[in-house]
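Q: Dropping the structure in here first, questions after.
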């Protein structure tokens with residue numbers, strides 16, 4: 001039961017990050033309620049991943065934001081851990 005709940009939560013976060021990535025490539029207004037919803041709820045996780053990539057790269061400038069990839073890899077690893085534990 002707990003594994004299903006955690007897996008569902010991780011799936012929702014994964015889709016929210018993917019939708020945010022797609023929206024970042026489209027010319028949409030970020031003040032739109034639908035768009036703002038995805039940016040509001042995914043920003044804490046993305047900011048954490050951005051800080052981690054900045055530390056890993058030593059503060060060097062990257063022309064591409066790697067934080068969505070890092071978040072998705074983290075979600076994948078968490079799903080594997082949940083499957084092993086539960």
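Q: Considering only the stretch 49-71, how many residues are surrounded by 14 or more Cβ atoms within 10 Å (Cβ to Cβ), in contact with a helix residue (DSSP H, G or I) (Cβ under 8 Å, 6 or more places away or on another chain) and more than 11 Å from residue 16 (Cβ to Cβ)? Full working, then the answer.
A: So the first thing to find is which residues in the stretch 49-71 are surrounded by 14 or more Cβ atoms within 10 Å (Cβ to Cβ), and the list is 49-50, 52-54, 65-71.
Keeping just the survivors that are in contact with a helix residue (DSSP H, G or I) (Cβ under 8 Å, 6 or more places away or on another chain) gives 49-50, 52-53, 65-68, 70-71.
Then drop every residue that is not more than 11 Å from residue 16 (Cβ to Cβ), which leaves 49-50, 52-53, 65-67, 70.
Result for the stretch 49-71: 8.
Q: Take residue 37 and decide whether it is assigned to a helix (DSSP H, G or I), under 15 Å from the mean Cα position of the chain (by Cα), modelled with pLDDT under 95 and exposed (fewer than 14 other Cβ atoms within 10 Å of the Cβ).
A: In short, yes.
Q: Is at least one residue of the stretch 21-31 surrounded by 11 or more Cβ atoms within 10 Å (Cβ to Cβ) and within 30 Å of residue 2 (Cα to Cα)?
A: yes
Q: What is the one condition in (1) without any contact (Cβ under 8 Å) to a residue 12 or more places away in the chain; (2) assigned to a helix (DSSP H, G or I) that residue 83 does not satisfy?
A: (1)
The values are calculated or read from the model by the stated rules, or taken from the named source; none is laboratory data. This is a predicted model, so every value here is computed, not measured. Because the Cβ atoms are built from the backbone with ideal geometry, glycine has one as well, and the counts that use them run over all protein chains shown.
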